[in-house]
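K.L.:
Questions regarding the structure given below will be posed in turn.
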Amino acid sequence: MVRAGAVALIVAALCARPTPVVAAVTARFSFAVAKAPHPLAADPTFSDPGWAAGVVPQGTGDWIDLTTHSAAAEPTIAYVLYDDRALYLGFRATQGSEPIATQSTNDVGFGIDDFVGVGIDTSGTGARLYYFMTTPRGTRYEQASENARYRPQWQAAATRTAQGWNAAMVIPLSALRIAGGSPQAWRFQFVRQLAARGEHEVWAYDGAMVDGASGAWPAFFDARWWAQGMGLQFGAAARPKPEPRADVYGLESVGGDRNLFVQANGTFVPTTVRPAGIDFSYPLTPTMSFVGTLNPDFSNVEIDQQIITPQEFPRQLTEYRPFFSQGANFISAASGPRSTAGAVSTNPYLVFYSPDIGPFDRGAKVEGTFGQQSLGVLSFRGFDETSGNTFDDQAFGYERAAPNGSLLYWSDGVFAHHSIAGNDDTIEAGAEGHNYTSGFTWFVDHSFENGSWVPNAHADLSETFVDLHRTFFDAYAGYFDVSPNYNPIDGYTANSDIRGPMGFLNLFGSMPGVKNYTVSFVADRFVDESGAVHQADTGLAVVATFSDGLSLDGAGPSTGQLRSYGVPAGPGCKGPIVATTSFTGYPCYLDGSTAPYNLYSIPIGYKDGTPAPYDANYAWGPFGSDYVHLFNAATSRPIGKRLTIALAYDGTYERSFANGILDSQWLRSVTLGYTVGPESAVSLELRNINGFGGFATAVGTNLAASFHQRFNGGNELWINYGSPAAGATIDRLIVKYVFHAGAESGT
């Protein structure tokens, strides 16, 4: 039950004086990184005396619990050393309770267990960011800002101690992109998760940092506050030319639905199976590579995606195909980990959005960094057999950042040539500045689109905002202007023909009985060229974690309105109305009709961020053409050392405003994950959707299963039956084997 304190939370957030926090270790804090006297083993007992020189200083304060913004209750000591071969990291984690370590397959189940980790920025500007994390069982996780497929080989080991647990890591320098020259100044962060309490601790702290959900934390966005590690001196042996990399796949699909594959819009359509192809990368410099692909796979056996959530606008998906994922943030320069671009009520508008690009035949790309600059240039060509469209498109991105990230400017663009849709050229340019002392940020961005794809041959988008981010609040005010029919053919555009102000105010803090809270107010009001309000949104959301494990996960109202217009059959705004659209009514603005998109939500969690969370949500309100009631509940937990189970139950009641008919739809799902070994896992999902209406794409029972094995040397095997993205079971078994040669995956 949610107590009365939750009701009083908004008043407390507005009126109470925030609890003081300890002093911050800001980005100006620096320390000398010690050189290892000799190569060190991943030995968590630290028996080698060489580790002693690597103890990192505590800066101007001790480790901070980011969840509560107070001093960490469980002390941690970190070590970092280096030589011309590797980085050596160590952790002594004091812990009064039994450490949680349920996962035993690397890169599976991140966020469930306790972990310690290191963040590394080899560029010093936020352009090349890495995280490496390990659990009390030595299970490894890693990520890189420039590649979602980053999976290098590195070592981690852990052991229990009388005081808690220790961990040691050895990260080869070949797993990192390192520029030439010495001495170098990198940036470092050390992090820790205590899963039983759902709390996160950091070494380099700033009061403006924001905590995140387990599994989604830590984030690269906080790299601006990492500490500087000074004086890294590398010999010539530390920077040999990186190895090339090649992945050749073989794929076979069998079953009655062997040719059905999911498209970017979520539908399954017949598509010719590709039995083989290659992805490769050839380093041009230590930090830049030539990337190519021939006959790339589009089966999505690595990741399948599903959704049953109502929303006004299309959602953004994560790109995982090797050609597009490597250096993706260098192509979409304005939306990298350092940028805060994007309208406040929708996902960021992107000039280039590769998940919308379906199967293509070949591609070539140059991507990477040099000095304080990043660059990406790509070209790809293909044929859409579902529509008969041939496309030959190019894209680029360029960004330059000051050494401390206080100023960055960029330009990116796409030149698209489609046989059916026509030509579409879009160029974007912008700049962003940060004052880390005051917390002030400014941002300006403009893009223009030309070509036969665009009605009237030209369209524009402009965005500007200022933001003040301090320890206990974040205030943002901006102006957004999207001309009618702005819609880059390879981009992501939620809505067009909107212009007007937008803003938000976030209040952060803690109080007795509440570990942390965020109260968020958001509003925008956009008119179209007819002068009518095209889109308007307001929202109030309360996120709070209570000391007893209860949480509010965004409770409050979200109200919006979206205007649609009729599309006439003939030119000159003549003829009968043949369709309606909310994208723009330009130039006719006929039969304007405004629909509400209001949801009032009560999401409640218990033990979120721990291995056994419980979550439930009830939301209701007028949503488009219906009045809806939405219900969902979910939980997950490990069973023993190898098995994990997740259960979900979702429901929708919707009553049409037009005819009063009540429809309902219900989803039930159970997901099992089994860890076969450190590099192998099996997953099984059984889902059933029944009823009418609702927001799912189809009704029926869906069984999907997946097996993945990564072998020594980097070869990989997938065996997938069905797809969790489908509404009902797809009678399709895919076997995919990847032959890997050269450098590690994603490096």
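K.L.:
Sort I278, I498 from largest to smallest accessible area, using a 1.4 Å probe on the heavy atoms of the protein chains.
P.N.:
Values: I278 50, I498 0 Å².
Largest accessible area first, the list is I278, I498.
K.L.:
If you don't mind, there's one more thing I want to ask. Once you put a point 7 Å from the Cα of K241 and another 7 Å from the Cα of S182, both along the Cβ direction, what distance in nm separates them?
P.N.:
2.2
K.L.:
Compute the length gained on full extension between T161 and T45: take 0.36 nm times their separation in residues and subtract their Cα-Cα distance, giving the result in nm to one decimal.
P.N.:
On the way: separation 116, 0.36 × 116 = 41.76 nm, distance 0.89 nm.
Full extension of this stretch gives 40.9 nm more.
K.L.:
For the chain, what is the number of Lys pairs with C-alpha distance below 25 angstrom, counting only pairs 8 or more positions apart or on separate chains? The partial results should precede the final answer.
P.N.:
On the way: K35/K241; K241/K365; K365/K736; K515/K607; K607/K641.
Lysine pairs, 8 or more places apart or on different chains, close enough: 5.
K.L.:
Would you calculate the separation in nanometres between label points at V269 and N423, each defined as 7 Å from the Cα along the Cα-to-beta-carbon direction?
P.N.:
2.6
K.L.:
When a/c reaches 1.5 or more, the comparison of a/b and b/c decides; with that in mind, is the chain rounded, prolate or oblate per its Cα gyration tensor? Could you put the intermediate results ahead of the total?
P.N.:
On the way: a/c = 1.39, a/b = 1.26, b/c = 1.10.
Note, shape of the chain comes out rounded.
K.L.:
Here is a further query. Using the Karplus curve 6.51 cos²θ - 1.76 cosθ + 1.60 with θ = phi - 60°, what ³J(HN,Hα) values do you get for each residue of the stretch 656-662, in whole Hz, with x for Gly and Pro?
P.N.:
So the J values, rounded to whole Hz, are 5, 5, 6, 10, x, 6, 9.
K.L.:
Turning to a different aspect of this structure: What does the helix-only formula give at 222 nm for the chain: each DSSP H stretch with n ≥ 4 adding -39500 (n - 2.57), the total divided by the residues, and the result rounded to the nearest 500 deg cm²/dmol?
P.N.:
On the way: 4 runs with 19 residues, N = 747.
-500 deg cm²/dmol, from helical runs alone.
K.L.:
Here's a follow-up. Which whole-angstrom value gives the distance between the alpha carbon centres of the stretch 674-688 and the stretch 385-419?
P.N.:
Between the Cα centre of the stretch 674-688 and that of the stretch 385-419, the gap is 37 Å.
K.L.:
Could you tell me the center-to-center distance, by alpha carbons, between the stretch 66-114 and the stretch 448-523 in angstrom?
P.N.:
The two parts, judged by their Cα centres, are 36 Å apart.
K.L.:
Assigning unit charges at the beta carbon (Lys, Arg +1; Asp, Glu -1) and nothing else, what dipole magnitude in debye, to the nearest 20, does the chain show about its Cα centre?
P.N.:
Details: 45 positive and 69 negative charges, 325 e Å.
That gives the chain a dipole magnitude of about 1560 debye.
K.L.:
To continue, here is another question. Taking the Cα-to-Cβ direction at Q372 and at A646 and moving 7 Å from each Cα, how far apart do the two end points lie in nm?
P.N.:
For the pair Q372/A646, the computed spacing is 4.2 nm.
K.L.:
A further question on this structure: Mean separation of Cα pairs under 8 Å and 6+ residues apart, divided by the residue count of the chain: what relative contact order is that in percent? Intermediate results must be reported in sequence, preceding the final value.
P.N.:
Working: 2074 pairs, mean separation 81.3, N = 747.
Relative contact order comes out at 11 percent.
K.L.:
Which shape class applies to the stretch 195-234: rounded if a/c is under 1.5, otherwise prolate when a/b exceeds b/c and oblate if not, where a ≥ b ≥ c are the square roots of the Cα gyration tensor eigenvalues? Walk me through the numbers on the way to the answer.
P.N.:
Values: a/c = 2.49, a/b = 2.07, b/c = 1.20.
Since a/c reaches 1.5 and a/b is larger than b/c, the shape of the stretch 195-234 is classed as prolate.
K.L.:
Using a simple charge model, +1 on the beta-carbon of Lys and Arg, -1 on the beta-carbon of Asp and Glu, nothing else, what dipole does the stretch 512-593 show about its Cα centre, in debye to the nearest 20? Before the final figure, lay out the partial values.
P.N.:
Values: 4 positive and 7 negative charges, 24 e Å.
Its charge dipole is roughly 120 debye.
K.L.:
Another question about this same structure. Rounded to the nearest 20 Debye, what is the dipole magnitude of the stretch 532-679 about its Cα centre when Lys and Arg each give +1 and Asp and Glu each give -1 at the C-beta?
P.N.:
Working: 8 positive and 11 negative charges, 44 e Å.
Computed charge dipole of the stretch 532-679: roughly 220 debye.
K.L.:
Multiply the residue gap between A73 and N688 by 0.36 nm, knock off their C-alpha separation, and tell me the result in nm, one decimal place.
P.N.:
Working: separation 615, 0.36 × 615 = 221.40 nm, distance 4.44 nm.
Contour length minus Cα-Cα distance gives 217.0 nm.
The values are calculated or read from the model by the stated rules, or taken from the named source; none is laboratory data. Everything numeric in this text was worked out from a predicted model, so none of it was measured. FYI the Cβ positions are ideal-geometry reconstructions off the backbone, even for glycines, and counts take in every protein chain you see. Surface accessibility is based on the protein's heavy atoms, side chains included, excluding ligands, DNA and RNA. Shrake-Rupley method; radii C 1.70, N 1.55, O 1.52, S 1.80 Å.
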